[in-house]
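To start, the structure itself, in structure tokens.
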Amino acid sequence: MTRRLFHIFLLLVGAVALGCSRTSPDPLRTGMPPWLGFAPLYLGQELGHLPEAAVRSIEFESTSAQMRAFRNGLIDAATLTLDEVLQLVDQGLTPRIVAVADFSRGADAIVARPELRELGDLRGRRVAVEGTATGALMLLRALEKAGLRPEDVDTVPIEVQEGERFLADGRVDAVVTYEPIRTRLLAAGSRELMNSSELQDDITDVIVVRADQIEARAEQVDRMLDAWFRGLAFLNEHPDEAARIVQRRCKLDPARTLAGLQGVHFPDEGESRRLLSGERPALRARAEALARWMHRNGLLQRSVDLSSLLAPGPIERRFP
């Protein structure tokens, strides 16, 4: 083979390799914690709209574990509460919100032993709470409502899946939790002292992607959003069948799964786009107000710059 032919051969091999790399990128790794509000993504996966070659969903037992994975670069995308996203920004990371997943309107709660009847009864009690911003936010809001201070309760840090066991064996008197654990605790006889319907949408769940992956993985981000909204459409059109699918993940019977989902509001594509887009996006204003409150209460170390937090491009492509 002459040198010229050899060079042509190398160019052809390189072109083939480059073409393969463009058509077969590594899958986008996205986290999936055990929150009932992320049912649309789970449904999208179960219904075959989330091919693993494009998007690989990784299940976590708690939101804390998912946040650690995002911080450590083990996942590219995540489903998080808005306050948790603000904490990541505070820590120097660059999550970008590509869609609003849901608003918790009763699905997050403080659940206690049955002898505790109101929030004021938490004084001097042991309250289990996950080490995330959401847990702290929920507890602080409850204490404010009851006229209590943080030092009036004894907080016990846990991973959220430990709450049922800690409450059952008497190690704590109350637990800050969310669906589907909330429904399981209430079915076992615990009492709800407060839920997120009283928080004016403070607990907002969003889908985030690392800033450097938004354009680099544009097609995969689009596939993830497509799976989410297809799953949401299935949930709205076939709630009973959807509940039977989701129950395998949330460990509730279908009736209780449907009841738990009543505490969650899922924006459709149009609402999600409106929240992220425009000259003054509503979600940006919500995030700024929440960031100020979190900073005042020690949940953020500094005033965070949120000018680049929203990335409406992917959802604007879907819903122009």
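Scan segment 202-224 for residues that are part of a helix (DSSP H, G or I) and hydroxyl-bearing (Ser, Thr, Tyr) and the total you get is 0. Could you list all residues from segment 222-249 that are of a type in the set (A, V, I, L, M, F, W, C) and in contact (Cβ under 8 Å) with a residue 24 or more places away in the chain? Answer for segment 222-249, where residues must be of a type in the set (A, V, I, L, M, F, W, C) and in contact (Cβ under 8 Å) with a residue 24 or more places away in the chain: Met224, Leu225, Ala227, Trp228, Phe229, Leu232, Phe234, Leu235, Ala242, Ile245, Val246. Being touching a residue at least 24 places away in the same chain (Cβ under 8 Å) and closer than 30 Å to Arg96 by Cα holds for only one residue in Ser190, Ser196, and it is Ser196. Somewhere in segment 273-285, is a residue among the hydroxyl-bearing types (Ser, Thr, Tyr), free of Cβ contacts under 8 Å to residues at least 24 places away in the same chain and assigned by TED's automatic domain parsing to the domain that holds Glu84? Checking segment 273-285: not a single residue is among the hydroxyl-bearing types (Ser, Thr, Tyr), free of Cβ contacts under 8 Å to residues at least 24 places away in the same chain and assigned by TED's automatic domain parsing to the domain that holds Glu84. Residues considered: Val127, Val98. Of these, the only one that is crowded, with 19+ Cβ neighbours inside 10 Å, assigned by TED's automatic domain parsing to the domain that holds Ser64 and among the β-branched types (Val, Ile, Thr) is Val98. Among the residues of segment 69-91, those that are within 23 Å of Ala218 (Cα to Cα) and out of contact with any strand residue (DSSP E or B) (no Cβ under 8 Å at 6 or more places or on another chain) comprise Arg71, Asn72, Gly73.
May I ask you to verify whether Asp83 is under 11 Å from the mean Cα position of the chain (by Cα), among the acidic types (Asp, Glu) and surrounded by 19 or more Cβ atoms within 10 Å (Cβ to Cβ)? Spelling it out, Asp83 is indeed under 11 Å from the mean Cα position of the chain (by Cα), among the acidic types (Asp, Glu) and surrounded by 19 or more Cβ atoms within 10 Å (Cβ to Cβ). All of (1) in the same structural domain as Pro27 (by TED's automatic domain parsing); (2) of a type in the set (Asp, Glu); (3) in a helix (DSSP H, G or I) hold for Glu151 with one exception: (1).
State whether one or more residues within segment 172-182 are more than 20 Å from Asn297 (Cα to Cα) and assigned to a helix (DSSP H, G or I). Yes, segment 172-182 contains at least one residue that is more than 20 Å from Asn297 (Cα to Cα) and assigned to a helix (DSSP H, G or I). For segment 250-266: of the residues being in contact (Cβ under 8 Å) with a residue 60 or more places away in the chain and surrounded by fewer than 19 Cβ atoms within 10 Å (Cβ to Cβ), which is farthest from Asp205 (Cα to Cα)? So, considering only residues that are in contact (Cβ under 8 Å) with a residue 60 or more places away in the chain and surrounded by fewer than 19 Cβ atoms within 10 Å (Cβ to Cβ), the one farthest from Asp205 (Cα to Cα) is Lys251.
The values are calculated or read from the model by the stated rules, or taken from the named source; none is laboratory data. None of the values given here were measured: they were computed from a predicted structure. Please note: Cβ atoms are built from the backbone with ideal geometry, for glycine as well, and neighbour counts cover all protein chains shown.
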